[in-house]
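*Asks:* First, the structure itself, so that you have it in front of you.
The values are calculated or read from the model by the stated rules, or taken from the named source; none is laboratory data. Everything numeric in this text was worked out from a predicted model, so none of it was measured. As a convention, Cβ positions derive from the backbone with ideal geometry for all residues, glycine included, and neighbour counts pool all protein chains shown.
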Amino acid sequence: MEIFKILDNGSKQLKRKNILSHQLDTEILLSEALNISREKLLVNSNTKVSSKTIDYFNKLLNRRLNKEPVATILNRKEFWSKNFSVNKNTLIPRPETELMVEKIVKIFHKKNISILDIGTGSGCILLSLLDEMNKSKGIGLDISQKAILIAKFNAKRHKLIDRAKFFRRDISNFYNNKFDLIVSNPPYIMKRDLKNLDECIKKFEPKIALDGGNDGLDVIKKVIYKSKSILKIKGTLAIEIGNEQFKKVSIILRKNKFNIKHIIKDYKENIRCIMSTLEH
Ligand SMILES: C[S@@+](CC[C@H](N)C(=O)[O-])C[C@H]1O[C@@H](n2cnc3c(N)ncnc32)[C@H](O)[C@@H]1O
């Protein structure tokens, strides 16, 4: 069967399951099965595909029909122009988080700083920052050992093991010398809202990466309290937050001697990241 026919069939099947990105996803999965780029796939749409490759493509497509995200099917996700390994034990890196990385890179570019990434998951934030700031070094922490293994793998993959260390640790039990910059994309969804998440998130992303407790602020508070003791005076805390959490989080920050310096909005104009500095 030719590429264009396979794409058409696959895309129709995904559309029937209400998968909005049905066409793009089908193209990505067929490119994977053929081991060619999406661009090459599209310019060769009349080429015939072997039955062995079609079988493999159908396996991938069936996983997508079962609502598994493309990132976990392929075991990778692009973030800040680099591929990161991901699996069901790590959150799939999100574009909103790239906005936080962008702002930090702008501010700290070329500086020699020490960075702590709390709830590092795949390591995407810390490793992207270190890749941009080649004089800096950092530590990534996560409560999940399985996530730490993936973060270490990504550090090797991007040749950053000399400057990035990863440890399995609950942030409340972490003690260290003081950092210049602490970054975190903590779990921040209210427990009662978890059941309303999209099926592909509920079924395929780790609950521990999403569950922020009854008010969504459990881990955010832990990050702020801990940062007070392990951030240098005038050091920066950059924290990603959920859609309507700005007011509550900014009150907690101010109560804990943090001075809000920047806010970062997402593409829908929601405040999704707060950057603050620790005052005396
Ligand atoms: C929203 S995910 C972020 C992952 C990654 N930083 C990213 O942006 O894609 C939150 C991460 O925090 C970790 N985590 C949850 N509670 C934690 C805690 N108390 N201490 C350290 N890490 C924690 C989870 O295992 C998860 O990997």
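*Asks:* Residue check: is GLU199 within 21 Å of the chain's Cα centre (by Cα), surrounded by fewer than 14 Cβ atoms within 10 Å (Cβ to Cβ) and in contact (Cβ under 8 Å) with a residue 60 or more places away in the chain? Spell out the reasoning first.
*Replies:* Details: within 21 Å of the chain's Cα centre (by Cα): yes; surrounded by fewer than 14 Cβ atoms within 10 Å (Cβ to Cβ): yes; in contact (Cβ under 8 Å) with a residue 60 or more places away in the chain: yes.
So GLU199 passes the test.
*Asks:* Just a yes or no: is a residue in region 35-47 under 18 Å from LEU65 (Cβ atoms), touching a Leu at 6+ places or on another chain (Cβ under 8 Å) and either among the aromatic types (Phe, Trp, Tyr) or in contact (Cβ under 8 Å) with a residue 40 or more places away in the chain (or both)? First the steps, then the outcome.
*Replies:* Filtering region 35-47 for residues under 18 Å from LEU65 (Cβ atoms) gives none.
No, there is no match, as no residue in region 35-47 is under 18 Å from LEU65 (Cβ atoms), touching a Leu at 6+ places or on another chain (Cβ under 8 Å) and either among the aromatic types (Phe, Trp, Tyr) or in contact (Cβ under 8 Å) with a residue 40 or more places away in the chain (or both).
*Asks:* Checking ILE239 against (1) touching a residue at least 40 places away in the same chain (Cβ under 8 Å); (2) among the aliphatic types (A, V, I, L, M); (3) surrounded by fewer than 17 Cβ atoms within 10 Å (Cβ to Cβ), which single condition isn't satisfied?
*Replies:* Evaluating ILE239 over (1) touching a residue at least 40 places away in the same chain (Cβ under 8 Å); (2) among the aliphatic types (A, V, I, L, M); (3) surrounded by fewer than 17 Cβ atoms within 10 Å (Cβ to Cβ) leaves (3) as the failure.
*Asks:* Continuing with the same structure: If the Cβ limit is 8 Å and pairs must be 6+ apart or interchain, which residue in region 171-187 that is farther than 18 Å from HIS262 by Cα pairs with which residue that is more than 8 Å from the ligand (Cβ to nearest atom) and of a type in the set (Lys, Arg)?
*Replies:* ILE171/LYS226; SER172/LYS226; PHE174/LYS226; LYS178/LYS232; PHE179/LYS232
*Asks:* Quick check: anything in region 104-121 more than 9 Å from the ligand (Cβ to nearest atom), closer than 30 Å to ARG63 by Cβ and not small (Gly, Ala, Ser)?
*Replies:* Of region 104-121, the ones more than 9 Å from the ligand (Cβ to nearest atom) are 104-116.
Filter once more, so that each one left must be closer than 30 Å to ARG63 by Cβ: none.
Checking region 104-121: not a single residue is more than 9 Å from the ligand (Cβ to nearest atom), closer than 30 Å to ARG63 by Cβ and not small (Gly, Ala, Ser).
*Asks:* Would you point out the residue of region 141-151, among those that are crowded, with 18+ Cβ neighbours inside 10 Å and touching a strand residue (DSSP E or B) at 6+ places or on another chain (Cβ under 6 Å), that is nearest to GLY235 (Cα to Cα)?
*Replies:* Taking region 141-151 and keeping what is crowded, with 18+ Cβ neighbours inside 10 Å, we get 141-144, 147-148, 150-151.
Checking which are touching a strand residue (DSSP E or B) at 6+ places or on another chain (Cβ under 6 Å) leaves us with 141, 148, 150-151.
Working: LEU141: 19, ILE148: 25, ILE150: 28, ALA151: 25 Å.
Restricting to residues being crowded, with 18+ Cβ neighbours inside 10 Å and touching a strand residue (DSSP E or B) at 6+ places or on another chain (Cβ under 6 Å), the top hit is LEU141.
*Asks:* Keeping to region 146-187, report how many residues are under 28 Å from ILE271 (Cβ atoms) and either more than 9 Å from the ligand (Cβ to nearest atom) or hydrophobic (A, V, I, L, M, F, W, C) (or both). Walk me through it before giving the result.
*Replies:* Applying the first criterion (under 28 Å from ILE271 (Cβ atoms)) to region 146-187 yields 147, 151, 170-172, 174, 178-187.
Still in the list and also either more than 9 Å from the ligand (Cβ to nearest atom) or hydrophobic (A, V, I, L, M, F, W, C) (or both): 147, 151, 171, 174, 178-183.
The qualifying residues number 10.
*Asks:* Can LYS67 be described as in contact with a helix residue (DSSP H, G or I) (Cβ under 7 Å, 6 or more places away or on another chain), charged (D, E, K, R) and either under 27 Å from GLU96 (Cβ atoms) or in a helix (DSSP H, G or I) (or both)? Walk me through it before giving the result.
*Replies:* Details: in contact with a helix residue (DSSP H, G or I) (Cβ under 7 Å, 6 or more places away or on another chain): yes; charged (D, E, K, R): yes; either under 27 Å from GLU96 (Cβ atoms) or in a helix (DSSP H, G or I) (or both): yes.
Yes, satisfied.
*Asks:* Any residue in region 1-25 that's closer than 25 Å to ASP198 by Cα: show its pairings with residues that are modelled with pLDDT of 95 or more and of a type in the set (Gly, Ala, Ser) at Cβ separation under 7 Å, as long as the two are six or more apart or on different chains.
*Replies:* Matching pairs, first to second residue: HIS22/SER11; GLN23/SER11.
*Asks:* Assigned to a helix (DSSP H, G or I), of a type in the set (A, V, I, L, M, F, W, C) and under 28 Å from the mean Cα position of the chain (by Cα): does that describe ILE73?
*Replies:* Working: assigned to a helix (DSSP H, G or I): yes; of a type in the set (A, V, I, L, M, F, W, C): yes; under 28 Å from the mean Cα position of the chain (by Cα): yes.
Considered against the rule, which asks whether it is assigned to a helix (DSSP H, G or I), of a type in the set (A, V, I, L, M, F, W, C) and under 28 Å from the mean Cα position of the chain (by Cα), ILE73 comes out as yes.
*Asks:* Check LYS156 against each of (1) touching a residue at least 24 places away in the same chain (Cβ under 8 Å); (2) under 17 Å from VAL86 (Cβ atoms) and name the one condition it does not meet.
*Replies:* Looking at each condition in turn, LYS156 falls short on (1).
*Asks:* Moving on. Taking the conditions exactly as written (part of a strand (DSSP E or B) and free of Cβ contacts under 8 Å to residues at least 40 places away in the same chain), does LYS248 satisfy them or not? Talk me through it step by step, then tell me what you get.
*Replies:* Values: part of a strand (DSSP E or B): no; free of Cβ contacts under 8 Å to residues at least 40 places away in the same chain: yes.
In short, no.
*Asks:* Considering (1) within 12 Å of the chain's Cα centre (by Cα); (2) more than 9 Å from the ligand (Cβ to nearest atom); (3) of a type in the set (S, T, N, Q), say which one THR97 fails and leave the rest.
*Replies:* (2)
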